[in-house]
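Chemist: Encoded as structure tokens, here's the structure I'll be asking about.
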Amino acid sequence: MEFIEKMRGFLLTPTKTFKAERKTSFVDAIKYGLLGLLIMAILTAIITAIFGAIDVWSITQPIGGAAGTTTLAAFFGVIVFGFIGLMLVGLWLHLWVFIFGGKQGIANTLKTVFYAYSPVYVLGWIPIVSFFANIWHLVLTVIGLTKLQKLSTGRAVGAVIVAIVIPLIIIAMLAAWAISIMGPTFLTSLTQLSTLQ
């Protein structure tokens, strides 16, 4: 019941709920996050099982256990990689929170990340809706940083934007580099294949 109340609070009254979490420990945030990831894992596994079974039985030949293996992989993948991902995101975000003036410690940034992920815990398994859940998650991250790190809204927004934009720039540069190297080789291979035919 406490988890459900917190979840409802973060989704509907985030400012008040984040204020109430100032005195709670980081361990409480981890417990909340793991429970949220468990719910997300169960829902993801159900969807994977349904669509995996459809795929196995209607598109390919029936292979016993194939859908079950995929379902288990989805279940454990959400929990394990979800937790590791949230921790890494929290550490990366804290670097920028600190640069933007956050002085309340890394635990409060990590608490913000685990709590702000609430919309994704419950809606992240739905293909299109998950996009809007992630947008709401970013809004909650900003609110959480203003309450737990005592940053101004502008500084919290700045920290979140920089934490997102820098990895995107790096990915874009790596993609451009890969295309510049692989592009000519790929085109040459295509030309050779067309001449063989």
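The values are calculated or read from the model by the stated rules, or taken from the named source; none is laboratory data. Owing to the predicted nature of the structure, the values given are computational and were not obtained by experimental measurement. Note: ideal-geometry Cβ built from the backbone for every residue, glycine included; neighbour counts use all protein chains shown.
Chemist: crowded, with 17+ Cβ neighbours inside 10 Å, of a type outside the set (A, V, I, L, M, F, W, C), within 21 Å of the chain's Cα centre (by Cα) and within 16 Å of residue 113 (Cβ to Cβ): does that describe residue 9?
Modeler: no
Chemist: A follow-up question, please. Since residue 61 meets every condition but one in (1) assigned to a helix (DSSP H, G or I); (2) at pLDDT below 90, which condition does it not meet?
Modeler: Residue 61 satisfies all of (1) assigned to a helix (DSSP H, G or I); (2) at pLDDT below 90 except (1).
Chemist: Answer with yes or no whether residue 158 is touching a Phe, Trp or Tyr at 6+ places or on another chain (Cβ under 8 Å), part of a helix (DSSP H, G or I) and either farther than 30 Å from residue 42 by Cα or acidic (Asp, Glu) (or both).
Modeler: So residue 158 fits the description; yes.
Chemist: Which of the residues belonging to the range 135-184 are among the aromatic types (Phe, Trp, Tyr) and surrounded by 15 or more Cβ atoms within 10 Å (Cβ to Cβ)?
Modeler: The answer is 136, and nothing else.
Chemist: For the condition touching an Asp or Glu at 6+ places or on another chain (Cβ under 9 Å), part of a helix (DSSP H, G or I) and closer than 29 Å to residue 44 by Cα, what is the one hit in 121, 115?
Modeler: It is 115.
Chemist: Shifting gears a bit: Please go through the range 121-145 and pick out each residue that is in contact (Cβ under 8 Å) with a residue 24 or more places away in the chain and touching a Ser or Thr at 6+ places or on another chain (Cβ under 7 Å).
Modeler: Listed by number, the residues that qualify are 124, 125, 140, 141, 143, 144, 145.
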